[in-house]
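I have placed the structure first, in the form of structure tokens, so that the comments after it can refer back to it.
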Amino acid sequence: MSKKTGAWILWLGIGGLLLGAAGVTLAQVSTHFDLHWSLLSGGGGNRSSTTYQVDDMLGQWVMWDSTSTGYQIAPGFWQGAIVEVEAEGDAYEDDDVCGRASTTATDGTAQTHTFHDEGDTDWVSFAAEAHKTYILEVNNVGANADVVVMLYDVCDAAPLAYNDNAFGPTVRLEWDNITVGTYYIKLIQSNPEFYGEGTDYDLSVSADAESPSAPRSVRAGPDNQTLVVQWERSPERDVVGYRVRWGTNSGGPYSGVDEVDGADATYYAITGLINATPYYIVVHARDFSGNVSPPSVEIGDIPQPSADTTQPAVTIKRPTTSAVYTTTVARLTISGECSDAGGNLSRVHVRNTTNGAEGWDYTLSGNIAQFSVESIALDTDVANTIEVTAYDTADNTGMATLVIHRLSGLNGAVVIVGGHDDLYRLQARIDYATNRAYRVFMDAGFGAEDIYYLSPTPQDADEDGFTDVTTTTTPARVHAALQWAAARVGLDVPFYLFMMDHGLVEGFCADGCDASEQITSEMLGGWLDELETTSGCNLVNVMLEACHSGSFVDQYNASGGVDFAKSISKEGRVIIVSTGRDNLAYASAQGAYFSDAFFSAVASSASLLSSFNYAKTSVDTTGNDQTPWLDDNGDGAFTAADGSYATDRYVASYFGSWLPEIVGATLALSGEGQGTIHATVTQGDEPLGMVWAAIYPPSFVEPTETTMELGIPLVQLQVQPSGSYAVTYSGFVEEGVYRVLIYAQDSGGNQALPKLAVMRDEVVYLPLIIRE
């Protein structure tokens, strides 16, 4: 934690002299200092502690000294001088740059580090084998440490992976290594203002030697000389396949064995069996490192010709129930419903007959089941014929088809800007939000050549192993990016600008927050005018995610009207800001609450107006004083008259993603300070990624200084056997009213609207817990 001196230093020099003459010994204790004054015999020179050195200005000591944990103060005859000395670091310093990284073993041995001074960075290297999963863990974290972990294969490249756990002090990063070599870990403090005492942490690296759990819910369906075996997908992230073993002896030995590749490939047909002979089957899971799980529960069945001849029926519900669909995206999720009078549904196969792209859903059973197959690739400017085939365990099939026309690449240009403040506070949140925006535009049909990405550090937004950043962020380079865009847009050819930073009133911290490092609203407005004038573009769309971002719109002059020389507002120019002039915009578990929701709606094919409304609803649900604005009529304000342009603006007109939905959220107190938070969430196009709760205690007060941090507890809910999510939280210790909000996000980063939790057994919504 940073330490600050008090205004009592000169007083102490004089007061100490007077008290010394009287022969008095005193002690003074305050919140920040424990001051002990005692008689000295004189001296000269200087005195020091671990963090400060005190020089005698006149070379003659007065009779008193003052000490504290972080200071030692020895005044001179009339005054003392306090000189800050750089704090001594941990045993691995000087490791502030990649080239001086310390080394660690991969056997789980812990190293203790500390962020000893402001902006301290720790680098650690380790040697990795090929085809191994490595687990990077941060534990035993001090009270003032909030560690961000980043992994690199090359020092100056984009990170291979990073993690900062928003749900607690410990951090765990699992990484599947393909190539043997030396790798580098960068560890930084999320908020560099906190350093010194209480910022220690333990880092360990270990090669994965733990076996995955045994597959569950194994079942078999008989057919002629065949047993169709299915099971649930293993929950471990690093599972890469399964091993199926069978034989005629219960408990083994098993004479047959085969490998099934793919974590989602939870189906295998054992053929060539003898009808009317009992067979016994077990299934194992395999992970990336080659660890094999214990066997599943053994099941038995008897192959025999099936009497079932009923054909399953298929109904395609997403992306459309019509026979022809138009889109701009490169890949789509195909989902729907199957039914089977025989009651033995097994699996669904989706294939694009135009290019051969295909996928399976092996989770079906019974007589009615939902299916979803992700990421079916589409060709451009041709009719993509999609065949959806449902199978039952007797291999009876039913089919439905869909024709998808994918339009060629969109016209237009996108500029994405990630800024930073002087200390790079919460930079991982900014990086997440800008990377997410990059992926949404890419998924909508924009190519990498259509996107100009500025960020302080390399970023691999599309996770292809290469940086997607065009250049680092400075005001001049942002101006150059808009000039680049001007050559790519024109009449009815849109321009999109997304910028995120901490934010200042009337300023955006591009390369820091000093005046020369900021972009003012007047500068940005002039650059946008220049783009429109030189290109003729009439479809300019700007989204700012930052505290005080509304001050870029409502630039008031002395008479109370809008100073349009400074405001970026203009009729027909869609301006969306995450909060008002005097208001803050808050970071979420990974990015920022407003832009998380905004780009989720954009990904669902919503217009800019609908996306704004979705994000505003998400933010309004928190009850915080964050006030998103939309201005497109050029009056420099957010009023009911705005939205006539934004309602017809889209990132892509034929592009959609089905969002998850929180359908239920409850609270139940179960003991002193303890309660269970429960949520039911329906999946959208993609599997659910995480569900969490934001807990506002009775003592919560919104920050008054400019910050993205709310400082509230976030707790992650875990999936239950029923498919719902729950967590037991032991922090309900204050008397008064609690607010608990539930959030859900799929694996693609798309978020459901948050939901206020309901006290169980109550009829109406009560977003609170009252402790008496």
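The values are calculated or read from the model by the stated rules, or taken from the named source; none is laboratory data. Note that the structure is predicted; figures quoted are calculated from it, not measured. Heads up, the Cβs are rebuilt from the backbone with ideal geometry, glycines too, and the neighbour counts pull from every protein chain shown. For accessibility, only protein heavy atoms count, side chains too; no ligands or nucleic acids. Shrake-Rupley method; radii C 1.70, N 1.55, O 1.52, S 1.80 Å.
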Name every residue in segment 569-584 that is at pLDDT 95 or above and buried (at least 24 other Cβ atoms within 10 Å of the Cβ), in order of residue number. Val574, Ile575, Ile576, Val577, Ser578, Thr579
Please specify each residue of segment 211-237 satisfying the condition of being charged (D, E, K, R) and either over 30 Å from Val141 (Cα atoms) or at pLDDT 95 or above (or both). Arg216, Arg219, Asp223, Glu232, Arg233
Check segment 697-705 and report whether any residue there is surrounded by fewer than 16 Cβ atoms within 10 Å (Cβ to Cβ) and in contact with a Ser or Thr (Cβ under 9 Å, 6 or more places away or on another chain). no
For segment 107-149, which positions are small (Gly, Ala, Ser), part of a loop (DSSP other than H, G, I, E, B) and touching a strand residue (DSSP E or B) at 6+ places or on another chain (Cβ under 7 Å)? Gly108, Ala110, Ala130, Gly142, Ala145
Selection count where residues are buried (at least 22 other Cβ atoms within 10 Å of the Cβ) and assigned to a loop (DSSP other than H, G, I, E, B), scope segment 395-411: 0
So which residues in segment 317-331 are in contact with a Ser or Thr (Cβ under 8 Å, 6 or more places away or on another chain) and in contact (Cβ under 8 Å) with a residue 40 or more places away in the chain? Arg318, Pro319, Ala323, Thr328, Arg331
If you go through Ala428, Ala444, Ala377, Ala448, the only one that is within 28 Å of Ser611 (Cα to Cα) and without any contact (Cβ under 8 Å) to a residue 24 or more places away in the chain is Ala448
Exactly one of (1) in a loop (DSSP other than H, G, I, E, B); (2) under 20 Å from Gln751 (Cα atoms); (3) open to solvent by 20 Å² or more (accessible area, probe 1.4 Å) is unmet by Met690. Its number? (1)
Any residue at all in segment 418-426 that's open to solvent by 30 Å² or more (accessible area, probe 1.4 Å), at pLDDT 95 or above and of a type in the set (A, V, I, L, M, F, W, C)? no
Here is a check on your reading of the model: is Ala263 open to solvent by less than 30 Å² (accessible area, probe 1.4 Å), assigned to a loop (DSSP other than H, G, I, E, B) and touching a strand residue (DSSP E or B) at 6+ places or on another chain (Cβ under 8 Å)? yes
In this structure, is Tyr438 among the aromatic types (Phe, Trp, Tyr), under 27 Å from Cys547 (Cα atoms), at pLDDT 95 or above and out of contact with any Gly (no Cβ under 8 Å at 6 or more places or on another chain)? yes
Phe115: touching a Ser or Thr at 6+ places or on another chain (Cβ under 8 Å) and over 18 Å from Gly181 (Cβ atoms), yes or no? yes
Enumeration of residues in segment 131-145 that are farther than 22 Å from Phe167 by Cα and open to solvent by 40 Å² or more (accessible area, probe 1.4 Å): His131, Lys132
In segment 381-394, residue surrounded by the most Cβ atoms within 10 Å (Cβ to Cβ) [restricted to those that are among the aliphatic types (A, V, I, L, M) and not in a strand (DSSP E or B)]: Ala394
Name the residue that is modelled with the lowest pLDDT, counting only residues in segment 345-380 that are under 32 Å from the mean Cα position of the chain (by Cα) and in a loop (DSSP other than H, G, I, E, B). Thr380
Could you tell me whether segment 105-122 includes any residue that is in contact with a helix residue (DSSP H, G or I) (Cβ under 8 Å, 6 or more places away or on another chain) and more than 22 Å from Gly290 (Cα to Cα)? no
Would segment 161-171 turn up any residue that is on the phi > 0 side of the Ramachandran plot and assigned to a strand (DSSP E or B)? no
Out of curiosity, is Ala641 under 21 Å from Ile576 (Cα atoms) and either in contact with a Ser or Thr (Cβ under 9 Å, 6 or more places away or on another chain) or of a type outside the set (Lys, Arg) (or both)? yes
How about segment 697-715: which of its residues are assigned to a loop (DSSP other than H, G, I, E, B) and among the aliphatic types (A, V, I, L, M)? Val701, Met708, Leu710, Ile712
Of the candidates Asp90, Asp96, Asp120, the one satisfying the condition of being closer than 20 Å to Asn144 by Cα, touching an Asp or Glu at 6+ places or on another chain (Cβ under 9 Å), open to solvent by 50 Å² or more (accessible area, probe 1.4 Å) and modelled with pLDDT under 95 is Asp96
Check off (1) over 25 Å from Ser611 (Cβ atoms); (2) touching a residue at least 24 places away in the same chain (Cβ under 8 Å); (3) of a type outside the set (A, V, I, L, M, F, W, C) for Gly412 and give me the number that stays unchecked. (1)
Give segment 503-539 a look and list any residue that's among the small types (Gly, Ala, Ser) and either over 29 Å from Thr707 (Cβ atoms) or assigned to a helix (DSSP H, G or I) (or both), or say none. Ala515, Ser516, Ser521, Gly525, Gly526, Ser535, Gly536
Which condition number does Ala220 fail, the rest of (1) within 31 Å of the chain's Cα centre (by Cα); (2) buried (at least 16 other Cβ atoms within 10 Å of the Cβ) being met? (1)
In this structure, does Thr534 turn out to be open to solvent by 40 Å² or more (accessible area, probe 1.4 Å), of a type in the set (Val, Ile, Thr) and either on the phi > 0 side of the Ramachandran plot or modelled with pLDDT of 95 or more (or both)? yes
If only one of Val229, Val205, Val148 is in contact (Cβ under 8 Å) with a residue 40 or more places away in the chain, surrounded by 15 or more Cβ atoms within 10 Å (Cβ to Cβ) and touching a helix residue (DSSP H, G or I) at 6+ places or on another chain (Cβ under 9 Å), which one is it? Val148
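This table checks each residue for (1) within 18 Å of Phe441 (Cβ to Cβ); (2) not in a loop (DSSP other than H, G, I, E, B).
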residue	(1), (2)
Val469	yes, no
Ala476	no, yes
Trp484	yes, yes
Phe498	yes, yes
Can you tell me which residues in segment 606-625 are among the polar types (S, T, N, Q) and surrounded by fewer than 22 Cβ atoms within 10 Å (Cβ to Cβ)? Ser607, Ser610, Asn613, Thr617, Thr621, Thr622, Asn624
